[in-house]
Amino acid sequence: MSLYQQLFVAPLFFSFLSACICAWFSFRPSKKKYTQAVSTFFLFASLLATIGSLIHLSPEPLVYEYGGWPSPWGIVFFGDVFSLSFIFLLSVLAIISWVFAFVHVSLLKQSMFFFLLFALYGMILTQDLFNFYVFLEICSIAIYGLLFDRKHPASAWFTFRYLSINTVAASFYLMGLAFVYSSCGSLNMADLSTLIDTHNLTDKIGIFLISLGFCIKIALWPLHDWLTGAYGSSESHTTAFIAGIVTKVFCIFLIRFFFSVLGGAEYASSTANLILIFSCLSVIIAPYLASKQSDARVLLAYSSISQIAYIGIAVGEGSMLAFHAACFQIFHHAIGKTALFFLASVIHKKTGTYEISNWRYWPSTSKWMTGVIVLCLLSFLGIPPLPGFFVKYWLFQSALQSSHFFVIVSITLGSISTLLYVFFIIEQFFEKQDLNDFASTSETKFRISQKICIASLSILMLFLIGAYPYFESWMKIEGFRP
Amino acid sequence: MNILQVGIIFLFISLAYRKGGLAPIENHETYIYTNPLPHALMLTAIVVSVATTGIALSLVTVIHKHFGSLDEDQILERYTSDTLQKNKDMEIE
């Protein structure tokens, strides 16, 4: 096995190493500069390693056998186009959030950030369902550490709610695993895709429980309450990373489970239909709830719920077009939502509150940043040249092919209710501004590194428009039978 | 939460059982073993559940210190009154 074939697991190793270094040096805060340098180096090294393995990727997927045990017995890490693209996205967004905010937080929180990153890399790469569960729990524990803020004891309450509901969700997943394991006798995804029988009752229960666990994790409409509370009580730059990436990784698992393990079109079972119905409801209801909010973080949280529900629709549809829509939506929403949460955190530093009415200061602060906000919002709405449009276009086509007309109706209604909160935010830019009042409160500067971060996010967003024609031939997943 | 987790652990371990099976230690006379894998998996699951319970309990102590209660209604009441107070303070400023 050559070095290039093992390179794709390097990010996992690097992030774990920097997590350990940060945790160790949290007892010696005087050494913070050195740990920062080392962590930054490791972050860039993992990005380079990902790019390197993407360049050398042949049609055969890369396989890393953990401890030298071959596939059905041991744990296997799996690098195909699908997982490596998302590893690339994760590395880029990790660097951007690191430069934007996490360089400045305490060493203990930095170590939590790297443990979270480690778990996310693991969740994308692993082929073993139980190994996935372990990474899931590492990820959850790191999130609890990041969300809890000692200065705001109220966040303890919302973190506790997050913890209890997420543990129940993970337990559902584990229970589903027990059912699947009892009938198939394997936990390897590639193995399961040949063994699983979607007509068998035990397997059906297992699939249902796993999907139910993940419907809670990605916060579809009736099960969303914990998410808005947790996002609304913690700092915005933390939420940017969690909303931008963590929920997407759960979506990546759902896509892998439904498209790769269950094999695509054949699974049209009751569970997929259930996800479809819940997602359609969230697409319509969540944007409407978003337009009622006055706290910017809660508004963005509701908008996340509605945007993630589009991925849910794609998973429920289960066609090739829907698969592309889901992957493109993950890219587009991860970038857009991270940018919006970052901008919310900048305006919070300037004015001291997260009130959405404070966004009226944007046009006078920076014309560019106002442009970025409008760009992201219009993309969520689905205005033609922007990436959000292609997602809806693919979903429309897929729904027409499978004649799911209620999907078309709910996407249309969803777009209309997205208009509500998009115009609610844009309306703020035309509000009357009291600049003297604003100048007295703004003591912190808008750092140049933060500007670069947001600019690079918007460049990525524009890059997606150009990537659209190549996306269909590029994105593939193993084991998908359309 | 804990009961749910323990329930799942027992579910897994019951899956491993085979009639007349022995502990999976190398033994040349018997051929029926219980399946060792679920036991190994559940060892990990137990560690995970202990860790989550630990974090949950530490959060509960913080909540109790701040709100003086563990009742959901009372906590929410105090939370909303706190935020209202904060908003009033800001208006005065």
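The values are calculated or read from the model by the stated rules, or taken from the named source; none is laboratory data. Remember, predicted model here, so these are calculated numbers, not experimental data. A quick note on method: Cβ atoms are made from the backbone with ideal geometry, for glycine too, and the neighbour counts reach across all protein chains shown. What goes into the accessible areas is simple: the full protein's heavy atoms, side chains included, and nothing from ligands, DNA or RNA. Shrake-Rupley method; radii C 1.70, N 1.55, O 1.52, S 1.80 Å.
Per-structure values
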read-out	value
Residue list for region A:147-157, filter: surrounded by 22 or more Cβ atoms within 10 Å (Cβ to Cβ) and more than 14 Å from B:Lys65 (Cβ to Cβ)	A:Leu147
Residue check for A:Ala101: closer than 22 Å to A:Leu343 by Cα and touching a residue at least 60 places away in the same chain (Cβ under 8 Å)	yes
Test for A:Ser58: is it among the small types (Gly, Ala, Ser) and over 20 Å from A:Leu187 (Cβ atoms)	yes
Residue within region A:320-342 that is farther than 22 Å from A:Phe250 by Cβ, among the aromatic types (Phe, Trp, Tyr) and out of contact with any Phe, Trp or Tyr (no Cβ under 8 Å at 6 or more places or on another chain) present	no
Number of the exception - A:Pro385 against (1) outside any helix (DSSP H, G or I); (2) under 12 Å from A:Cys280 (Cβ atoms)	(2)
Residue selected from region A:329-367 under the condition within 14 Å of chain B (Cβ to nearest Cβ) and not in a helix (DSSP H, G or I), by the criterion farthest from the chain's Cα centre (by Cα)	A:Gly352
Close pairs (8 angstrom Cβ cut-off, 6 or more residues apart or separate chains): more than 7 Å from chain B (Cβ to nearest Cβ) in region A:139-156, among the basic types (Lys, Arg) anywhere	A:Gly145/A:Lys109; A:Leu146/A:Lys109
Flag for A:Ala272 being among the aliphatic types (A, V, I, L, M) and under 19 Å from the mean Cα position of the chain (by Cα)	no
Residue in region B:30-46 that is open to solvent by 80 Å² or more (accessible area, probe 1.4 Å), within 13 Å of another protein chain (Cβ to nearest Cβ), more than 25 Å from the chain's Cα centre (by Cα) and modelled with pLDDT under 80 present	no
Only one of A:Leu281, A:Leu274, A:Leu289 that is assigned to a helix (DSSP H, G or I) and buried (at least 22 other Cβ atoms within 10 Å of the Cβ)	A:Leu289
Candidates A:Ser2, A:Ser18, A:Ser30, A:Ser58 - the one that is polar (S, T, N, Q) and at pLDDT 85 or above	A:Ser18
Qualifying residue in region A:292-301 (condition: over 21 Å from A:Ile454 (Cβ atoms), outside any helix (DSSP H, G or I), out of contact with any strand residue (DSSP E or B) (no Cβ under 8 Å at 6 or more places or on another chain) and open to solvent by 10 Å² or more (accessible area, probe 1.4 Å))	yes
Positions within region A:158-174 being open to solvent by less than 20 Å² (accessible area, probe 1.4 Å) and at the interface with another protein chain (Cβ under 7 Å from one of its Cβ atoms), in sequence order	A:Thr159, A:Leu163, A:Thr167, A:Ser171, A:Leu174
Qualifying residue in region A:204-224 (condition: open to solvent by 10 Å² or more (accessible area, probe 1.4 Å) and of a type in the set (Ser, Thr, Tyr))	no
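Each row is one residue, and each column tells you yes or no for (1) over 15 Å from the mean Cα position of the chain (by Cα); (2) within 14 Å of chain B (Cβ to nearest Cβ).
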| residue | (1), (2) |
| --- | --- |
| A:Leu89 | no, no |
| A:Phe100 | yes, no |
| A:Met112 | yes, yes |
| A:Leu120 | no, no |
| A:Met123 | no, no |
| A:Asp128 | yes, yes |
| A:Leu136 | no, yes |
